[in-house]
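Data first, discussion second: the structure below is written as structure tokens.
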Amino acid sequence: MKETKELINQIKNRNEKDLDFLDEKDFQCPQIHYYLLDILRENEMSNAEFFMKLNLERSYGYQLLNGRRKPSRELLIRTAILFHFSLEETQRLLKIGNREVLYPRVKKDALAIFVIEKGLQLSEYQELLDAYEEGV
């Protein structure tokens, strides 16, 4: 897969009548449900275990994994924390899901960044989030 800089250079060097390059594999973003399925496969986690750990209703979880529903931003953040993603991996997951990336000037986002950077567990994130929301 090409780096973003390479893709930008490729775009800059094309003339306005040559847009065929947009159909190339490098210009395709994976669909979020396929990406989630890949994450589960790579981490050897069953769908049922994923649903249980994220406290998802089974039917809703399957709708997410088959592409009928789009995951919320919070669900993607919780998924990243569950799998101990780095901040960079989390931002990529959010981008693939067409959700806003984490922004440190937003307090709730800063909390998620803190949890990700410290490698905390999903339960610890939920406790911190609950405490934060009580104080707001």
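Please go through region 47-90 and write out the trypsin sites (Lys or Arg not before Pro) that DSSP classes as loop and that have at most 12 other C-beta atoms within 10 Å.
Listed in order of number, the matching sites are Arg68.
Run the dipole for the chain about the Cα centre, Lys and Arg Cβ at +1, Asp and Glu Cβ at -1, nothing else charged, and hand back the magnitude in debye, nearest 20.
Values: 21 positive and 24 negative charges, 66 e Å.
Value, rounded to 20: 320 debye.
Region 93-136: which GluC sites (Glu not before Pro) are DSSP loop and have at most 16 other beta-carbon atoms within 10 angstrom?
Values: sites: Glu100, Glu117, Glu124, Glu127, Glu133, Glu134; in loops: Glu100.
Sparse-neighbourhood loop GluC sites (Glu not before Pro): Glu100.
I'd like to check one number: the per residue accessible area of region 68-123, probe 1.4 Å, reported in Å² as a whole number. Let's see the in-between values first.
Details: 3270 Å² over 56 residues.
Accessible area per residue: 58 Å².
With every protein chain left in place and a probe of 1.4 Å, what is the accessible surface of Leu128, to the nearest 10 Å²?
60 Å²
Just how much of Ile32 is accessible, in Å², when a 1.4 Å probe is used and the result is rounded to the nearest 10?
So the heavy atoms of Ile32 present about 10 Å² to solvent.
By accessible area of protein heavy atoms, probe 1.4 Å, what ranking do Met52, Met45 get, highest first?
Descending order: Met52, Met45.
On the accessible surface of region 8-136, probed at 1.4 Å, how many percent belong to carbon and sulfur atoms? Before the final figure, lay out each step's value.
Details: 4120 of 8700 Å².
Answer for region 8-136: carbon and sulfur cover 47 percent of the accessible area.
Which is farthest toward the positive dipole end of the chain among Ala48, Tyr62, Ile113, measuring Cα position about the Cα centre, with Cβ charges +1 (Lys, Arg) and -1 (Asp, Glu)?
With unit charges placed on the Cβ atoms, the residue in question is Tyr62.
The values are calculated or read from the model by the stated rules, or taken from the named source; none is laboratory data. A quick note: this is a predicted structure, and the numbers were derived from the prediction, not measured. Here the Cβ is made from the backbone with ideal geometry for all residues, glycine too, and neighbour counts use every protein chain on show. The accessibility values were calculated without ligands, DNA or RNA, using every heavy atom of the protein model including side chains. Shrake-Rupley method; radii C 1.70, N 1.55, O 1.52, S 1.80 Å.
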